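Here is the structure we will look at, set down as structure tokens.
The values are calculated or read from the model by the stated rules, or taken from the named source; none is laboratory data. Because the structure is predicted, anything quoted here is derived from the model rather than measured. A quick note on method: Cβ atoms are made from the backbone with ideal geometry, for glycine too, and the neighbour counts reach across all protein chains shown. Keep in mind that these areas ignore ligands, DNA and RNA; they rest on the heavy atoms of the full protein, side chains included. Shrake-Rupley method; radii C 1.70, N 1.55, O 1.52, S 1.80 Å.
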Amino acid sequence: MPSWQGKSKGNKLGYRIFIGVLRYGGVRPAYFLLGFVVCYYCLFSWRSTRSIFQYFRYKIGQPRMKALWSVYRNYYVFGQTLIDKIVVMGNIPNRFTFEFDGEENLHGLVSGQHGGIMLSAHLGNWEVAGHLFTRLNTRINIVMFDGEHERIKSYLAGVTGGRNVNVIVLKDDLSHIYAIHDALSKRELVCMHADRFLEGNKTMEMPFLGEAARFPMGPFLLAATFRVPVSFVFAFKETATHYHLYATTPKAYPGAKQGGLEQSMADFVQVMEEKVKRYPLQWFNYYDFWSKD
């Protein structure tokens, strides 16, 4: 069983320092400070460092020294995406530019009769993409594990004004199912990650980067149950100031008994693998994704 617990790393003091630097110095000094923070995580977050090293070494196929350098770069880009999220959502002056492949696909979801589902993964910078979705002129509902530390979350909300979306928290009482149904019935969009799960979740093995890996069934069961169009959406940092967003053509899948579950999972994993291979430094996966334990 993968050891991911649905929680973000970092502490309130660290966020406070970076936000102070951003306010008074801008993005570049924050990126400079980030380089030292990354060294700490490379040396002292051994479990996550080992997992991401194995990903670069054995799944991407990099030589040992290049894989070690990629670990540092991966942590660094991850830190940049966190900084960028605060900058964009907090309306801090910046020079970011955005390119969107498939925005018309999301407008198609909005104009449909039954709402739609957007599936993504821990690839790139989903928060930046989610913030830009406000121009779709519909309510965006993000389904997530509420694993962030409450003090950090409340502090960031005070800086950024909170997410410009509605958050549906996954709960053991399955109340989130009713919230998702309600959102779709109002022709709204529902967004969720489809690459991680917590202990006790239903999973299915799918071939991914040359080896079977376990993916959560929940997001795909929802797509097959509600039979609404599904689009796979990702946002990647291509330069220090430029993001590239992608949205696939929406597709409605048949019910689970008609193979909709397997079809949607296979399609998602295929697109996810393509994006991982194109942007290997931006898969922020810090546990043993292929573990069968």
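For region 59-68, how many residues meet the condition of being touching a helix residue (DSSP H, G or I) at 6+ places or on another chain (Cβ under 9 Å), open to solvent by 20 Å² or more (accessible area, probe 1.4 Å) and more than 19 Å from K275 (Cβ to Cβ)?
Total satisfying the criteria: 4.
Restricting attention to region 136-165, which residues are modelled with pLDDT of 75 or more, open to solvent by 20 Å² or more (accessible area, probe 1.4 Å) and more than 20 Å from T225 (Cα to Cα)? First the steps, then the outcome.
From region 136-165, those modelled with pLDDT of 75 or more are 136-144; that's our starting set.
So of that shortlist, the ones also open to solvent by 20 Å² or more (accessible area, probe 1.4 Å) come out as 137-139, 144.
Residues satisfying the conditions are N137, T138, R139.
Looking at (1) modelled with pLDDT of 90 or more; (2) over 26 Å from I140 (Cα atoms); (3) not aromatic (F, W, Y), which one does D288 not meet, given that it meets all the others?
(1)
Among what's in region 214-269 and is assigned to a strand (DSSP E or B) and among the aliphatic types (A, V, I, L, M), pick the residue that is surrounded by the most Cβ atoms within 10 Å (Cβ to Cβ). Even if it seems obvious, please write down each step before you answer.
Going residue by residue through region 214-269, those that are assigned to a strand (DSSP E or B) are 214-216, 230-237, 242-247, 251.
With among the aliphatic types (A, V, I, L, M) added as a condition, the list becomes 230, 233, 235, 245, 247.
Details: V230: 29, V233: 25, A235: 24, L245: 21, A247: 24.
That would be V230.
Collect the residues in region 180-196 that are open to solvent by 40 Å² or more (accessible area, probe 1.4 Å), in contact (Cβ under 8 Å) with a residue 24 or more places away in the chain and not polar (S, T, N, Q), keeping them in residue-number order. Write out each step before concluding.
Our first condition is that a residue be open to solvent by 40 Å² or more (accessible area, probe 1.4 Å); within region 180-196, this holds for 181-182, 185-187, 193.
Narrowing the set further to residues that are in contact (Cβ under 8 Å) with a residue 24 or more places away in the chain leaves 181, 185-187, 193.
Across region 180-196, the qualifying residues are H181, K186, R187, H193.
If you take the residues of region 166-185 that are assigned to a helix (DSSP H, G or I) and polar (S, T, N, Q), which of them is modelled with the highest pLDDT?
Of region 166-185, the ones assigned to a helix (DSSP H, G or I) are 175-185.
Right, trim to polar (S, T, N, Q) and you get 175, 185.
Details: S175: 81, S185: 87.
The selected residue is S185.
So, K237, is that one over 25 Å from K257 (Cα atoms) and at pLDDT 90 or above or not? Break it down stepwise before answering.
On the way: over 25 Å from K257 (Cα atoms): yes; at pLDDT 90 or above: yes.
Yes; evaluated as a whole, the condition is true for this residue.
Against the definition (open to solvent by 70 Å² or more (accessible area, probe 1.4 Å) and modelled with pLDDT under 85), how does K7 come out, yes or no?
Working: open to solvent by 70 Å² or more (accessible area, probe 1.4 Å): yes; modelled with pLDDT under 85: yes.
Yes; evaluated as a whole, the condition is true for this residue.
E199 passes all but one of (1) in contact (Cβ under 8 Å) with a residue 60 or more places away in the chain; (2) in contact with a helix residue (DSSP H, G or I) (Cβ under 8 Å, 6 or more places away or on another chain); (3) not small (G, A, S); which number fails?
Among (1) in contact (Cβ under 8 Å) with a residue 60 or more places away in the chain; (2) in contact with a helix residue (DSSP H, G or I) (Cβ under 8 Å, 6 or more places away or on another chain); (3) not small (G, A, S), E199 violates only (2).
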